[in-house]
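Since the structure comes first, as structure tokens, the remarks are kept for the end.
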């Protein structure tokens with residue numbers, strides 16, 4: 001093995017190790033948060049008027065008489081074998097519930113990301129090019145508002161104006177009630193499913209329903225993407241190669257999109273990956289407003305119910321998604337930008 | 001702010017001449033900072049809004065026109081008028097007065113979170129960065145874990161354990177907020193740890209604690225303060241989000257997020273019940289963002 005390869009392998013093992021440690025800490029955190037809860041799990045399971053024997057038997061079966069480190073070990077074992085318990089809300093296995101609701105959130109988040117990145121990146125470039133001019137100030141105010149506006153309030157205002165007053169978009173839910181369950185679920189994403197089934201009525205109804213929540217979710221991510229793009233771009237535009245390209249007589253358009261922009265592509269890819277993850281946070285509130293049957297709504301209804309097990313599985317999942325996205329972002333960096341791999 | 005405003009009227013020669021004492025040098029820097037800051041119109045606007053918020057909170061009983069919790073079912077859900085500037089809610093309570101009193105809750109949350117998160121983050125970050133080694137690794141792993149989450153989701157997990165309520169919300173927000181500050185303080189500490197003046201302090205026989213408290217933490221302060229200010233906007237939004245979900249301040253507390261939540265049921269017929277509390281959240285959060293941005297240009301120019 002050449003020294004270069006050995007170094008690469010060591011680097012890989014090191015990052016794999018640190019990911020493993022973070023994951024272990026994550027599981028530990030959810031375990032202990034689940035432990036300190038003020039709820040008697042056993043009586044929740046067997047019901048309040050179960051006799052003492054049933055209660056004791058269930059308690060023993062769950063391993064609740066064991067010392068805490070044994071319980072942690074059992075918990076770890078269950079997680080590793082994919083046993084995440086059942087949800088009180090639905091009576092199904094939590095993992096099945098999540099698999100069922102997740103496509104709706106992915107659909108919403110992806111649509112929102114397309115809007116956010118599609119507007120945010122060009123606007124950020126524009127603001128950098130027209131730095132300290134009127135355009136820059138307008139973009140700045142728009143992005144600052146995006147950072148400051150409570151997303152749930154914007155959702156309600158959107159419903160009020162575009163649904164109730166102007167009748168431009170569909171109301172809450174993923175599709176008009178009339179079309180509910182009309183197309184077979186293949187991917188769980190209604191836009192794709194209705195296209196697969198060739199049902200245009202359902203498709204347009206779904207578009208009318210997704211456009212408002214996705215725009216509002218997208219606005220929040222647009223704000224941060226735009227800001228980052230602007231500062232990356234300003235960095236590039238002050239480099240010497242930009243000056244020499246200008247001296248050579250290239251137009252602003254050519255300098256910006258042909259020379260400067262390719263240099264920030266990798267950084268942008270990274271922040272877009274992270275912005276995709278942050279959608280989960282906004283989705284939590286937006287899904288509540290729009291009665292969007294996704295992951296966010298599932299988590300909030302479990303929160304209101306106080307079902308600790310389901311909550312902690314959701315939290316665990318969010319953590320795993322973020323760690324994965326972070327890792328992907330790092331990988332993208334080292335693949336596309338050779339300078340970062342030593 | 002008060003030190004800046006006293007330093008502001010300094011005459012030109014004072015600013016440009018060479019400082020004759022440490023005190024004078026500090027005054028010069030303060031005045032230059034104040035002038036830079038005052039030149040940023042948006043940032044000044046942010047400060048003015050925050051001051052207005054403080055005045056609102058302090059003099060709420062005189063500014064409000066009604067008792068914020070007084071129910072009057074005969075005057076329920078009235079639109080905005082000369083009597084009720086922002087209309088009334090489902091129990092006939094005056095929304096304008098409730099928003100005025102709600103400023104106290106907003107300030108309470110922001111203040112409490114900031115004074116817990118700031119010092120904890122500073123000390124943990126500085127200690128971990130200064131000593132390095134095993135402690136540093138452990139602390140960084142823990143902060144990694146916290147930073148792997150969108151803050152609202154981790155806050156919700158803590159609220160789920162602590163139960164709904166205003167104090168619990170504050171605690172949960174603080175619990176999720178310190179790692180970002182610790183990371184920042186650590187990064188600053190790493191850049192100054194090997195500086196000559198730290199070495200000089202060591203040679204003079206200062207203990208590690210003296211160095212951390214006397215030399216390291218003051219150097220971390222500017223960037224941490226900037227971050228704390230920008231963080232306040234996020235705290236307001238998170239607290240409002242918790243209130244909206246019914247997990248923050250409980251009724252009849254006039255918390256702005258909770259007010260939008262109750263207004264939601266009547267939204268389509270009574271637009272004012274949602275609109276005004278939400279506007280209040282947005283304006284205050286915007287003010288903290290503007291203030292933080294301006295502060296960054298003054299205290300931490302390299303990061304922009």
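Please treat every number below as a calculation from the coordinates, not as lab data. Source: prediction; values computed, not measured. Counting neighbours? That spans all protein chains shown, and the Cβs are built from the backbone with ideal geometry, glycine included.
For a quick protection proxy, order the peptides B:180-190, A:74-84 by their average other-Cβ count within 10 Å, most packed first. Please report the intermediate quantities before stating the final value.
Details: B:180-190: 22.4, A:74-84: 13.2.
Top to bottom by mean Cβ count within 10 Å: B:180-190, A:74-84.
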Practice item. With springs only between Cα atoms under 10 Å apart, run a GNM on chain B and tell me which of B:102, B:163, B:129 wobbles the most. Key: B:163
**Study point:** Sum of -39500 (n - 2.57) over DSSP H runs of 4+, divided by residues of chain A (222 nm, nearest 500)
**Key:** -24500 deg cm²/dmol
**Study point:** Between helix A:134-148 and chain A: long-axis angle, C-alpha atoms, 0 to 90°, nearest 10
**Key:** 10 degrees
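Just the C-alpha atoms of region A:194-335: what Rg/Rh do they give, with Rh taken as the Kirkwood radius? Don't skip to the end; give the middle numbers.
On the way: Rg = 20.6 Å, Rh = 18.4 Å.
Dividing the radius of gyration by the Kirkwood radius yields 1.12.
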Review point. So how far apart, in nm, are the two label points at residue A:83 and residue B:250 if each is 7 Å from Cα heading toward Cβ?
Key: 3.7 nm
Point to revise | For chain B, calculated [θ]222 nm from helices alone, where every DSSP H run of n ≥ 4 adds -39500 (n - 2.57) | key: -24000 deg cm²/dmol
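Please compute the length gained on full extension between residue A:243 and residue A:324, using 0.36 nm multiplied by the number of residues separating them and subtracting their Cα-Cα distance. The partial results should precede the final answer.
Working: separation 81, 0.36 × 81 = 29.16 nm, distance 3.89 nm.
Once the chain is fully extended between residue A:243 and residue A:324, it gains 25.3 nm.
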Practice item. Report, as an integer, the average count of C-beta atoms from other chains found within 10 Å of each Cβ along B:243-256. Key: 2
Practice item. Quick one: among B:206, B:261, B:223, which has the greatest mean-square fluctuation in a GNM of chain B with alpha-carbon springs under 10 angstrom? Key: B:206
Check your understanding: Which order, highest average first, do A:116-123, A:52-59 follow once you tally other Cβ atoms within 10 Å for each residue and take the mean per peptide?
Key -> A:116-123, A:52-59
Exercise for review: Give the peptides A:65-72, A:168-175, B:78-85, B:262-269 in descending order of average Cβ contacts within 10 Å, highest first.
Suggested key: A:168-175, B:262-269, B:78-85, A:65-72
Exercise for review: Please give the helix B:133-147 orientation as an angle from the longest Cα principal axis of chain B, in degrees from 0 to 90, rounded to the nearest 10.
Suggested key: 20 degrees
Check your understanding: Per residue of B:151-159, how many C-beta atoms from partner chains lie within 10 Å of its own C-beta, taken as a mean?
Key -> 6
Check your understanding: Suppose R0 equals 35 Å; then what is the FRET efficiency for residue B:65 and residue A:165 from their Cβ-Cβ distance, rounded to the nearest 0.05?
Key -> 0.75
Study note, to complete from the structure: Within the set B:259, B:219, B:232, GNM on chain B using Cα springs under 10 Å gives the largest fluctuation to B:219
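Ignore the peptide's own chain and count Cβ atoms of other chains within 10 Å of each Cβ in A:304-313; give me the average, rounded. Please list the in-between numbers first.
Values: counts 5, 0, 3, 1, 3, 0, 0, 5, 3, 0.
Per-residue shielding by partner chains comes out at 2.
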Exercise for review: Give the shape of chain A as rounded, prolate or oblate, defined through the alpha-carbon gyration tensor: a ≥ b ≥ c are the square roots of its eigenvalues, a/c under 1.5 means rounded, and otherwise the shape is prolate if a/b is larger than b/c and oblate if not.
Suggested key: oblate
Check your understanding: Which distance in nm do the two modelled labels at residue B:76 and residue A:196 give, with both placed 7 Å along the Cα-to-Cβ direction?
Key -> 4.8 nm
Practice item. Any chance you could give the angle, 0 to 90 degrees and rounded to 10, that helix B:166-193 forms with the longest Cα principal axis of chain B? Key: 20 degrees
